[in-house]
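To keep things clear, I will list the structure first and then write my remarks on it.
The values are calculated or read from the model by the stated rules, or taken from the named source; none is laboratory data. Since the model is a prediction, treat every value here as computed from it, not as a measurement. Heads up, the Cβs are rebuilt from the backbone with ideal geometry, glycines too, and the neighbour counts pull from every protein chain shown.
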Amino acid sequence: MDSKRLGIIGGMGPKATAVFMDKIIENTVAECDQDHIDMIILNHATLPDRTKVILEGNGDVFLHAISRDVKLLELAETANIAIPCNTSHYYYDPIQAMTEIPIIHMVDETLREVRNRFGENSKVGVLATNGTVRSGVYQKSCDKFNLQLHTPVDADQEQIMQVIYNVKSDIPIQPQHLEAIIHDLIGKGQCQCVILACTELSCIPLSPETAAYCIDAMDVLVKKSIELSGKRMKRRV
């Protein structure tokens, strides 16, 4: 497969975008600079907060802002577009309608990975923003792949949101707090796995014991981005 230029609409948040780029570089089989993927990265940090626009019903504001990014990536002749933000995929269809360039569906690819690894009818916990949870984007994809979605109780969801916005604010995070919620979902929720469905959560190091229960949506997007760009994975992320 020929090498293809990858477009990235990032900035949601900036640190998560940097982690996403690093993971692509770290996991691409390459022996020299020229073996790596050409990437056009738009770190559009001033995009409206996705959770806020979803909950307030102001999606047009977000779509107007992101439409300029899509046009720039068209001018840059990118072959595929990755958007490392789970919540933004609530607007996947209208964003894809803006361009003929394929946009990798982060949520669908993640649930496809869950189904392939754990089988249909598996119970899946999801750690995400309030916007992602209430939008139903993961529920819709679970229905498509015949999986059962399980969301945290309100108290845990509030704590997850605090963790996510602490990462955005560069406030130190204790991984144990996140790990306790994950183990609750596995134990009390009786889930087969837990999806890290917010790219800020991908910035938090988990113990190997906890990570064994998790599928990171960002890692799935990394893998698909490398493959569609005509490169090979160095290792499974």
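Give me a count of the residues in segment 3-58 that are hydroxyl-bearing (Ser, Thr, Tyr), over 13 Å from Met218 (Cβ atoms) and part of a helix (DSSP H, G or I).
To start, the set of residues in segment 3-58 that are hydroxyl-bearing (Ser, Thr, Tyr) comprises 3, 17, 28, 46, 51.
Retained after the next criterion (residues that are over 13 Å from Met218 (Cβ atoms)): 3, 28, 46, 51.
From what is left, the residues that are part of a helix (DSSP H, G or I) are 51.
Matching residues across segment 3-58 total 1.
The set of residues from segment 67-99 being touching a helix residue (DSSP H, G or I) at 6+ places or on another chain (Cβ under 8 Å), of a type outside the set (Ser, Thr, Tyr) and over 13 Å from Ile9 (Cα atoms) comprises Ala79, Pro94, Met98.
Taken together, the residues in segment 89-120 that are within 19 Å of Thr151 (Cα to Cα), modelled with pLDDT of 95 or more and in contact with a strand residue (DSSP E or B) (Cβ under 8 Å, 6 or more places away or on another chain) amount to 5. Please state which of the following conditions Ile173 fails to meet, knowing it meets all the rest: (1) over 17 Å from Asn86 (Cβ atoms); (2) in a helix (DSSP H, G or I). That leaves (2) as the condition not met.
Return the residues of segment 1-18 that are hydrophobic (A, V, I, L, M, F, W, C) and buried (at least 19 other Cβ atoms within 10 Å of the Cβ); say none if nothing qualifies. Let's see the steps before the verdict.
At the first step, the residues of segment 1-18 found to be hydrophobic (A, V, I, L, M, F, W, C) are 1, 6, 8-9, 12, 16, 18.
Those that are hydrophobic (A, V, I, L, M, F, W, C) and buried (at least 19 other Cβ atoms within 10 Å of the Cβ): Leu6, Ile8, Ile9, Met12, Ala16.
When you go through Leu221, Leu185 one by one, which is the residue that is within 23 Å of Asp154 (Cβ to Cβ) and surrounded by 19 or more Cβ atoms within 10 Å (Cβ to Cβ)? Let's see the steps before the verdict.
Details: Leu221 fails: within 23 Å of Asp154 (Cβ to Cβ).
The unique qualifying residue is Leu185.
When Cys85 is tested against the conditions (1) crowded, with 22+ Cβ neighbours inside 10 Å; (2) of a type in the set (A, V, I, L, M, F, W, C); (3) over 29 Å from Cys193 (Cβ atoms), the lone failure is (3).
Could you check, for segment 46-62, whether at least one of its residues is in contact with a strand residue (DSSP E or B) (Cβ under 8 Å, 6 or more places away or on another chain), closer than 21 Å to Met21 by Cβ and either free of Cβ contacts under 8 Å to residues at least 12 places away in the same chain or surrounded by fewer than 22 Cβ atoms within 10 Å (Cβ to Cβ) (or both)?
As a first pass, look at segment 46-62 and keep what is in contact with a strand residue (DSSP E or B) (Cβ under 8 Å, 6 or more places away or on another chain): none.
The answer is no; no qualifying residue exists.
For segment 130-170, filtered to residues that are outside any helix (DSSP H, G or I) and either in contact with a Phe, Trp or Tyr (Cβ under 9 Å, 6 or more places away or on another chain) or not assigned by TED's automatic domain parsing to the domain that holds Leu196 (or both), the residue that is surrounded by the most Cβ atoms within 10 Å (Cβ to Cβ) is Leu147.
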